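K.L.:
One structure, pasted below without further comment.
Coordinate-derived values only; no laboratory data. Since we're looking at a predicted model, the values are computed, not measured. Cβ placement follows ideal geometry from the backbone for every residue including glycine, while neighbour counts extend to all protein chains displayed.
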Amino acid sequence: MLLPPAVCMASVRSRLSCAFTLVELLVVVALMAVLLGITLGFLRGSKEQAAIGRARSELAVLSQALEDYRREHGDYPQTADTPEKLYQALIGRLGPAGDRISGRSVLNGVQMTLRDMQHPADSANYLVDPWGNGYQYVYFIRQANSEPAIFAIYRSWCSRDRIPANGCGRLRE
């Protein structure tokens, strides 16, 4: 039974019943740790969902930028086999065949993250996903008298400097 401070000061014996025991304090700390763990778990999950949503949105924007590039130059960039070359093509520095040009950027007004935000015109720069990896691009060469050329743009879950032991292509062993 917890007594008010004025009653606790009355005698030495009753002062002992005014304090919390070590067991009670440990129980409270343990409950706080459990609640903190649950809260952080939900927060981590919501951050991951936000990053996934941002990546989907950026992939849609990149797809539209590639369509704008095709309309302007007549074809998709064929040599954008690295994230750097893809970025150079989208900002109007590489033509469809890989030749140097000074064209219009199809990324005007688009808010995306670059590897080096201080130097956006650097030739080693590229667009990065929410996890810090460069977006990948593949151009499928069209055969003569066949369907129009197509492309695939995707994000790689494997970064260039952190390759897992089981390789980038497999999620599970």
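K.L.:
If packing is taken as the average count of other Cβ atoms within 10 Å, what order do 84-95, 23-34 fall into, highest mean first?
P.N.:
84-95, 23-34
K.L.:
With bins 10 Å wide starting at 0, give me the P(r) of segment 20-155 over every alpha carbon pair, in whole percents.
P.N.:
11, 33, 23, 11, 8, 7, 5, 2, 0
K.L.:
List the residues whose amide H sits under 5 Å from the amide H of L94, counting only those 5 or more places along or on another chain, with H placed 1.01 Å from N in the peptide plane.
P.N.:
Sorted by chain and number, the residues that satisfy this are A89, I101.
K.L.:
Using the 10 angstrom Cβ neighbour count as an exposure proxy, how do L66, L59 rank, fewest first?
P.N.:
Fewest to most other Cβ atoms nearby, the residues stand as L59, L66.
K.L.:
For every other residue with a beta carbon closer than 10 angstrom to the beta carbon of R104, add +1 if it is Lys or Arg and -1 if Asp or Glu, then tell me the sum.
P.N.:
-2
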